[in-house]
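Report on the following structure.
The values are calculated or read from the model by the stated rules, or taken from the named source; none is laboratory data. All figures in this text were calculated on a predicted structure; none of them were measured in a lab. Cβ coordinates were reconstructed from backbone atoms using ideal geometry, including for glycine residues, and neighbour counts include every protein chain displayed. Note: accessible area is taken over every heavy atom of the protein model, side chains too, but ligands, DNA and RNA are not part of it. Shrake-Rupley method; radii C 1.70, N 1.55, O 1.52, S 1.80 Å.
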Amino acid sequence: MIHQFDTLIVGSGGAGLYGALEASKRSKTAVLSKLYPVRSHTGAAQGGISAALGNVEEDKPEWHAFDTVKGGDYLVDQQAAKTLAEEAVQAVYDLENRGLPFNRTPEGRIDQRRFGGHTRNFGQGPVRRACYAADRTGHMILQTLYQQCIKNEVAFFDEYQVVDLILADDHCQGVVVVELATGELHVFAAKAVLFATGGFGRMFKITSNAYANTGDGPAVCARRGIPLEDMEFFQFHPTGIKGLGILISEAVRGEGGILRNCDGERFMERYSPTLLDLAPRDIVARSILTEVRAGKGIRGDGKIDDYVHLDATHLGKETLMKKLPDITEFCKTYLGIDPADEPIPVLPTAHYAMGGIPTDEHGRVICDNKGTVVKGLYAAGECACVSVHGANRLGTNSLLDLVVFGRRAGLHIADYVQDCEAVEVDESAADTARAIIGHLTETTAEDAPHGGHIMEQMQTIMMEHIGIYRNAKDMRAAVRDIQKLRERYQQVRVQDSSKSFNTDLLEVIELGNLLDLSLITAAAALDRQESRGAHSREDYPERDDENWLKHSLAYLENESVRMDYKKVDTSIWEPKPRTY
């Protein structure tokens, strides 16, 4: 079946919905999603969205842009960071005007709180910059944008899984998807396609990411010859629930929560004397792991699964229920504790991909280090790399990234499609996808490996070898072992033969995507011989601006990964040592 639209959005999180909202004002627009839109992972973002409103204390977009660049360890493209910070203010007020119920100051303005790495006057001290709706900010953004898209009569195709991208002569013509309800393949032809498929944290064993976060957009692009940028940089959030990885928002520390080791010591005083518990996430995550390794975890055995305490008991029940109601309920549900009475056991959890599909500031996909644009193809949100996060993202900049660059992509698409002819495709456009599905569903020997075992092995390899601390020996082993898993994956077959809602088929497709992205991540990490931001190498402990102040571009070529590089925009601030 062939469907024809002007604009096609793949993914229904914050970036996809904002892109759809803007594009639909001037073009026939559809959103494809493997989920019901308000189940998208944007809804799990808790703490806030950053903007230098200055409602609670003095703040400036210039300070915000600088913090973003410094937080990303100077691998951030600085003009893009400037755009992010400057457009943040209007983006937040636009959300407010569309109905988002932000928390308020006594004067009725949008309230703001502190968040890690956000400072006043170029690093002098912490600043209140995060605008929030209790600890449900992402959920509120998702609801607000979805309602507006319905109002704009955007067409939604829920529970459709993307399988392939239709490219002809570096010109995007649409996508091929499988409808989960029927198992049928559909071709969606479009003048412009925006990938907004989110992150891929499910490649790690302990992660805050939802089960649906399997990197479908980046993996499909990589298999079509588009490079992925800065894939070695994956952020571990410092505070996930011990053993589960479910996120305990940075907002707890923003409201005054304190990290403590087995001695009850506020250990961040030793690692970040100025910002303390609100240092950037990569620094806090490494500090926690260093304490655990030194036997200062709560158990004190030095094992990788030991943990520390996040103490919010001094905040009181009233503050916790008013400003952090979901976190309070998570602790009661999953841990059986009340954070007003007991500290929360936390451990770093795989959280956010700084890398992804390379784009410019309008969301247009770039296919090389010369800035060549793939016509009609766009990406925004966590699946994209603008790059405004560099080597480490600051908290609350992710929701801002979605809103600012999702909106910019939607506006650019609305202009672009006005001058384009309708795309002509036929059923043969689905041949590659049909071959992929046919291979996975063909009957085969009963001893074929099950995808679930390969998934578990991949997640363990990535967690142990491409985690917070890295070294050449472990990363080489990871590359070798992931390549073997990809070979075994070729024998995997779907064991459920039904057509309707075949979740086995969906999971095997997702596993293939994660294996490809795991290989690219491991290869890119092995290649970068320095420590920068979230990429911390024990064998190369220092940042090396002379040789490595450059973006990586990783091309997936069959069983291997070819590396290339592109220049970082350092046109505003000169790179300096990163201290807090």
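Structure values in brief
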item	result
Residue within the stretch 177-189 that is in contact (Cβ under 8 Å) with a residue 12 or more places away in the chain, touching an Asp or Glu at 6+ places or on another chain (Cβ under 6 Å) and among the aromatic types (Phe, Trp, Tyr) present	no
Filter result (open to solvent by 60 Å² or more (accessible area, probe 1.4 Å), closer than 14 Å to Val308 by Cβ and touching a strand residue (DSSP E or B) at 6+ places or on another chain (Cβ under 9 Å)) within the stretch 263-278	Arg266
Filter result for Arg260 (within 26 Å of Arg113 (Cβ to Cβ), crowded, with 22+ Cβ neighbours inside 10 Å and touching a His at 6+ places or on another chain (Cβ under 7 Å))	no
Where a residue in the stretch 57-84 is farther than 18 Å from Pro575 by Cβ and its partner, wherever it lies, is part of a helix (DSSP H, G or I), with Cβ under 6 Å and at least six apart	Pro61/Ala85; Pro61/Glu86; His64/Ala85; Leu84/Val404
Unique residue being in contact with a strand residue (DSSP E or B) (Cβ under 8 Å, 6 or more places away or on another chain) and modelled with pLDDT under 95 when the list is His171, His186	His171
Those residues of the stretch 296-310 which are surrounded by 24 or more Cβ atoms within 10 Å (Cβ to Cβ) and modelled with pLDDT under 90, in sequence order	none
Every residue from the stretch 17-53 that is over 30 Å from Lys191 (Cβ atoms), part of a loop (DSSP other than H, G, I, E, B), within 21 Å of the chain's Cα centre (by Cα) and among the small types (Gly, Ala, Ser)	Ala45, Gly47, Gly48, Ala51
Any pair with Cβ under 9 angstrom, 6 or more apart, that starts in the stretch 233-252 at a residue that is under 14 Å from Ile304 (Cα atoms) and polar (S, T, N, Q) and ends at one that is part of a strand (DSSP E or B) and open to solvent by less than 10 Å² (accessible area, probe 1.4 Å)	none
Some residue of the stretch 325-338 being over 23 Å from Val568 (Cβ atoms) and touching a Cys at 6+ places or on another chain (Cβ under 9 Å)	yes
Yes/no for Arg293 being modelled with pLDDT of 95 or more and open to solvent by 60 Å² or more (accessible area, probe 1.4 Å)	no
Residue within the stretch 490-513 that is open to solvent by 30 Å² or more (accessible area, probe 1.4 Å), of a type in the set (Val, Ile, Thr) and closer than 30 Å to Ala181 by Cβ present	yes
Qualifying residue in the stretch 493-508 (condition: in a helix (DSSP H, G or I) and among the charged types (D, E, K, R))	yes
Residue satisfying all of: in the stretch 519-569; aromatic (Phe, Trp, Tyr) and free of Cβ contacts under 8 Å to residues at least 40 places away in the same chain; most open to solvent (accessible area, probe 1.4 Å) among these	Tyr540
Selection count, the stretch 126-173, where residues are within 30 Å of Glu96 (Cα to Cα), acidic (Asp, Glu) and either surrounded by fewer than 22 Cβ atoms within 10 Å (Cβ to Cβ) or without any contact (Cβ under 8 Å) to a residue 60 or more places away in the chain (or both)	3
The lone exception for Arg480 - which of (1) part of a helix (DSSP H, G or I); (2) open to solvent by less than 70 Å² (accessible area, probe 1.4 Å) it fails	(2)
Residues located in the stretch 59-73, provided they are part of a helix (DSSP H, G or I) and open to solvent by less than 10 Å² (accessible area, probe 1.4 Å)	His64, Ala65, Asp67, Thr68, Val69, Gly71
Filter result (without any contact (Cβ under 8 Å) to a residue 40 or more places away in the chain and at positive phi) within the stretch 372-408	none
Number of positions in the stretch 405-425 that are in contact with a Lys or Arg (Cβ under 8 Å, 6 or more places away or on another chain) and of a type in the set (Val, Ile, Thr)	2
Residue within the stretch 16-29 that is among the aromatic types (Phe, Trp, Tyr), modelled with pLDDT of 95 or more and closer than 30 Å to Asn209 by Cα present	yes
Residue tally, condition small (Gly, Ala, Ser) and either more than 16 Å from the chain's Cα centre (by Cα) or open to solvent by 10 Å² or more (accessible area, probe 1.4 Å) (or both), over the stretch 205-239	5
Residue among Val76, Val56 that is open to solvent by less than 30 Å² (accessible area, probe 1.4 Å) and either part of a loop (DSSP other than H, G, I, E, B) or of a type in the set (A, V, I, L, M, F, W, C) (or both)	Val76
Residue under evaluation Asp481, criteria (1) over 25 Å from Tyr211 (Cα atoms); (2) without any contact (Cβ under 8 Å) to a residue 40 or more places away in the chain, criterion not met	(1)
Lone unmet requirement of (1) farther than 28 Å from Val365 by Cα; (2) touching a Ser or Thr at 6+ places or on another chain (Cβ under 6 Å); (3) modelled with pLDDT of 95 or more for Cys131	(2)
Of all residues making up the stretch 79-121, the number that are hydrophobic (A, V, I, L, M, F, W, C) and surrounded by fewer than 18 Cβ atoms within 10 Å (Cβ to Cβ)	1
Residue within the stretch 547-569 that is in a helix (DSSP H, G or I), out of contact with any Ser or Thr (no Cβ under 6 Å at 6 or more places or on another chain), closer than 17 Å to Pro218 by Cα and of a type in the set (A, V, I, L, M) present	no
